[in-house]
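Step one of this worksheet: look at the structure below.
The values are calculated or read from the model by the stated rules, or taken from the named source; none is laboratory data. As the structure is a computational prediction, the values presented were derived from the model and not from experiment. Cβ placement follows ideal geometry from the backbone for every residue including glycine, while neighbour counts extend to all protein chains displayed.
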Amino acid sequence: MPGVLCVSQGHHAGVIGCSLHFSFYFSASTQPRLRKGATELMQSGSMASGAKEKKARFSCLGRLKHFTWANFTLPMATGGLALLLAEQTQGFTFRGLQTIGKVVYILDLVIFTLTTSAITYRFIKFPGTLKKSIVHPTEGLFLGTSTLSLASIISGIARYGIPSCGEWLVVVYRILFWIYFAVTFLIAVGQYALLFTSPKLKLADMTPAWDLPVFPYMLSGTIAATGAGLQPPGQAIPILVAGLVFYASYVSRLIQYGFPRPNSRPGMFIAVGPPAFTGLAILGMADNFPAHYHNFGPDDITIQVLRILATTACIFIWFLSLWFFCIAAVANLAVWREISFHLNWYAFIFPNVGFTIAVISVGKTLNSPGVLGVGSAMTILLVFGWAIIVIKHVQAVWKGNILADGKDEDYYVDERSHRHVKRPESDTEKQA
């Protein structure tokens, strides 16, 4: 009946119309009860609507339960891009490049602040997630991305802050360097102590993400080379040795099990970073070797010999990065149709930032316009790549492809559970 339909809609106009309509059929004593029922129905409808709105707001905040450490890959990549765009870094520059770099650096500071706030909310709102995130065999590896983001910010101080703010920031830079050095060393030791004793961590799951806990400590040398020329030039070598140990495990895993599953393969570019940043640190610290050190003879001769050795070592190590880059590129191109967005896509950017800066540094040392041109071309590609990945990131959040149950790094996936994995010889013979 029209009257019943009108009441169920819960509108003021409908209630008035219903009252007029039913007055022809019912007595006047019935009308107050109808008005009361309609009013209660309207109130219950508004309460239900408010509950839905509250639930929707809660669901948005509730998704932050899956806001993992891997989200720091965004400020990590953005900070690396800011370093790459600095005039002091590039071989070929143009008017306004430094301003563009400053804008990207400020954007990185904003993103880092928002990311830190979001993950802090997660740990406070959902008790126990902090401990679980550190010991988790997948998410725990990405703890290092938070300090890698800080490495980009501290290095950016030397490129954008100190030239504008004066000597006081030099002191701040030095203090931040030593704090960073100590904290990342403790993380490198403590994180591996937890992970290596975890029964869930297997060689089959070995990816370059295993380098992430030691990666921030390695960048101590890069920070020293970037803005602290008075720092002792010997901190990259021991980290290179530690990095080579993990490369041996990584190559062993590739030989035994093949490439990781498709969605993990973008993380293979992480292997490009350690040798590239190590070579960059060695070359940078040689360029910033203190002129008043007389331990090895006259200043000019010592610096000249040191730069020759550093350049040779940098080129040698850079080719190791090139090899890992080619392996990662081939592995990703082979399954590019099967790869969906995950936060490890930012591994396309940050490790290759070190790869690119190392190319530019070698080009400057050799006075080679060709090498510098290659570095500029790589820079342009990284800028476009960063923009595309950020767009994909926003789309993935909007569609619920990340920040959802079973979609993030807090969900363990066995790397052997995909069709691309190498099977043991016995299994192959059985199928034959």
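Observations, loosely collected:
- Some residue of the range 387-395 being more than 25 Å from C60 (Cβ to Cβ) and at pLDDT 75 or above: yes
- Meets criteria (farther than 23 Å from H342 by Cβ and assigned by TED's automatic domain parsing to the domain that holds I389) for T147: no
- Filter result for L333 (under 26 Å from A396 (Cβ atoms), crowded, with 18+ Cβ neighbours inside 10 Å and not aromatic (F, W, Y)): no
- The listed residue being part of a helix (DSSP H, G or I), at pLDDT below 80 and surrounded by fewer than 17 Cβ atoms within 10 Å (Cβ to Cβ), out of A193, A182, A118: A193
- In the condition set (1) within 21 Å of F215 (Cα to Cα); (2) more than 23 Å from the chain's Cα centre (by Cα); (3) among the β-branched types (V, I, T), I179 is compliant with all but (2).
- L83 touching a Gly at 6+ places or on another chain (Cβ under 9 Å), aliphatic (A, V, I, L, M) and modelled with pLDDT under 90: no
- The listed residue being assigned to a helix (DSSP H, G or I), of a type outside the set (S, T, Y) and under 15 Å from the mean Cα position of the chain (by Cα), out of I357, I388, I380, I327: I388
- Residue count for the range 330-354, restricted to those that are under 16 Å from G273 (Cα atoms) and assigned to a helix (DSSP H, G or I): 10.
For (1) over 20 Å from the mean Cα position of the chain (by Cα); (2) closer than 21 Å to N344 by Cα; (3) surrounded by 21 or more Cβ atoms within 10 Å (Cβ to Cβ); (4) of a type in the set (D, E), each residue gets a yes or a no:
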position: H136; (1), (2), (3), (4): no, yes, yes, no
position: L143; (1), (2), (3), (4): no, yes, yes, no
position: I154; (1), (2), (3), (4): no, no, yes, no
position: W168; (1), (2), (3), (4): yes, no, no, no
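Residue-by-condition table, conditions (1) touching a residue at least 60 places away in the same chain (Cβ under 8 Å); (2) surrounded by fewer than 22 Cβ atoms within 10 Å (Cβ to Cβ):
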{"residue": "F319", "(1), (2)": "no, yes"}
{"residue": "S340", "(1), (2)": "yes, yes"}
{"residue": "L343", "(1), (2)": "yes, no"}
{"residue": "V353", "(1), (2)": "yes, no"}
{"residue": "V374", "(1), (2)": "no, yes"}
{"residue": "A377", "(1), (2)": "no, yes"}
{"residue": "V383", "(1), (2)": "yes, yes"}
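- Residue match in the range 80-88 (condition: of a type in the set (S, T, N, Q), over 16 Å from the mean Cα position of the chain (by Cα), within 19 Å of I360 (Cβ to Cβ) and surrounded by 15 or more Cβ atoms within 10 Å (Cβ to Cβ)): no
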